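K.L.:
Structure below; questions to follow.
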Amino acid sequence: MQPTPAETSLHAALDSAKRRQIVDGARQVFLAQGFDAASMGEIARAAGVSKGTLYVYFESKEELFAALVKSQCALTAERLFELDVDNHDLRDVLTRLGLSFVNAMIEPRHVATIRMVIGSADRKPEIGRLFVEAGPRAGVRRLSKWIEAKIAQGELDCRDPELAAWQFLTMCHTAVTMPVLVGGEAPPPQERIAYVVDSAVETFLRAFTPPAS
C-alpha cells in the first residue's frame, strides 16, 4: 500500500528533524573537541541517537562535518543577503548588510567553524572548497545580483559586479575579523564595527555611483 501524500510529507519532516538533531549534536562535539578528536560515538551521544541511526544519515565524520559547514553557511547567506532591489537608499541597504555580515562573521560559533575548516584544509581540501562555495561565494553571488539590478536601474555604474561584491565585503570585515579569527582578540565594540562599515560603504559608493548628469 502506497503512503498518502500526508504520510509522505510527515515522514520527510521527521527525517529532516532527525538530521537537524544529529547536526546540532555534531556541532557541540566539533566545537568542543575539534574535527580530528571528535568521534562518531561521541556525536551520537550528544545528538541523543544510536550509532546505528547516525550512520543511516551520515556515512562518515567527514560527511557530517560537511553537512554542518554547508547548513551554517547557507543559513548565514539566506539571513544576511536578502537585499531589496526596490529600496533606492543604497547607503541604507549596504550599511544594514555590512553590519549584519560583520557581526555574523565574529559570532563565536562561526569563528570556531572557520578555524576548524582552516585546520582541516590540508587533509580535507574538499571541506574548504565546500565552505567557500556555500559561504563566501554564495554571499557574493547574492550581492552581485543586487548590484546588477542597481546598474540596470541606473543607480550604480560598475563593470564587474562580482569583483565589486568581493571588494565591499572584504572592506567591511577584514579589519574586524582578522584580529578575532587569527589573533584571538575579543570582538571590537559596535561603534568600531559601525565605523569600519561606514567607511566601506562610503568607499563603495564613491567608486560606483554614476556621475551626476
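K.L.:
Just to be sure, is VAL49 of a type outside the set (Gly, Ala, Ser), within 28 Å of GLY139 (Cβ to Cβ) and not assigned by TED's automatic domain parsing to the domain that holds GLY128?
P.N.:
no
K.L.:
Could you please find all residues in the range 182-203 being part of a helix (DSSP H, G or I) and on the phi > 0 side of the Ramachandran plot?
P.N.:
Residues satisfying the conditions do not exist here.
K.L.:
In addition: Name the single residue, out of those in the range 172-194 being surrounded by 14 or more Cβ atoms within 10 Å (Cβ to Cβ) and without any contact (Cβ under 8 Å) to a residue 12 or more places away in the chain, that is farthest from the chain's Cα centre (by Cα).
P.N.:
PRO179
K.L.:
Let me ask another. Can you run down the residue pairs with Cβ atoms below 7 Å, 6 or more apart or on separate chains, where the first is in the range 124-137 and part of a helix (DSSP H, G or I) and surrounded by 13 or more Cβ atoms within 10 Å (Cβ to Cβ) and the partner is modelled with pLDDT under 85 and hydroxyl-bearing (Ser, Thr, Tyr)?
P.N.:
ILE127/SER120
K.L.:
Yes or no: the range 141-163 includes at least one residue that is surrounded by 15 or more Cβ atoms within 10 Å (Cβ to Cβ) and touching a Gly at 6+ places or on another chain (Cβ under 8 Å).
P.N.:
Checked the range 141-163: no residue is surrounded by 15 or more Cβ atoms within 10 Å (Cβ to Cβ) and touching a Gly at 6+ places or on another chain (Cβ under 8 Å).
K.L.:
What are the pairs with Cβ atoms under 6 angstrom where one residue, in the range 42-57, is more than 12 Å from ASP24 (Cα to Cα) and the other, located anywhere, is of a type in the set (Val, Ile, Thr) and crowded, with 18+ Cβ neighbours inside 10 Å? Sequence gap at least six, or different chains.
P.N.:
GLU42/VAL29; TYR57/ILE22
K.L.:
I would also like to ask the following. Only one of PRO210, PRO179 is part of a helix (DSSP H, G or I), in contact with an Asp or Glu (Cβ under 8 Å, 6 or more places away or on another chain) and of a type outside the set (Asp, Glu); which?
P.N.:
Step by step, each of PRO210, PRO179 is checked, and only PRO179 is part of a helix (DSSP H, G or I), in contact with an Asp or Glu (Cβ under 8 Å, 6 or more places away or on another chain) and of a type outside the set (Asp, Glu).
K.L.:
In this structure, does ILE193 turn out to be modelled with pLDDT of 95 or more and not small (Gly, Ala, Ser)?
P.N.:
When the stated conditions are applied, ILE193 passes them.
K.L.:
Separate question: Among the residues of the range 22-51, what is the count of those that are among the aliphatic types (A, V, I, L, M) and either loosely packed, with under 13 Cβ neighbours inside 10 Å or closer than 13 Å to VAL69 by Cα (or both)?
P.N.:
Residues in the range 22-51 being among the aliphatic types (A, V, I, L, M) and either loosely packed, with under 13 Cβ neighbours inside 10 Å or closer than 13 Å to VAL69 by Cα (or both): 5 in total.
K.L.:
Okay, moving on. Residues ILE106, ILE22, ILE118: which one is closer than 30 Å to SER144 by Cα, of a type in the set (Val, Ile, Thr) and in contact (Cβ under 8 Å) with a residue 12 or more places away in the chain?
P.N.:
Just one listed residue meets the conditions, ILE106.
The values are calculated or read from the model by the stated rules, or taken from the named source; none is laboratory data. As the structure is a computational prediction, the values presented were derived from the model and not from experiment. When we count neighbours, we look across all protein chains shown, and the Cβ atoms used for this are built from the backbone with ideal geometry, even at glycine.
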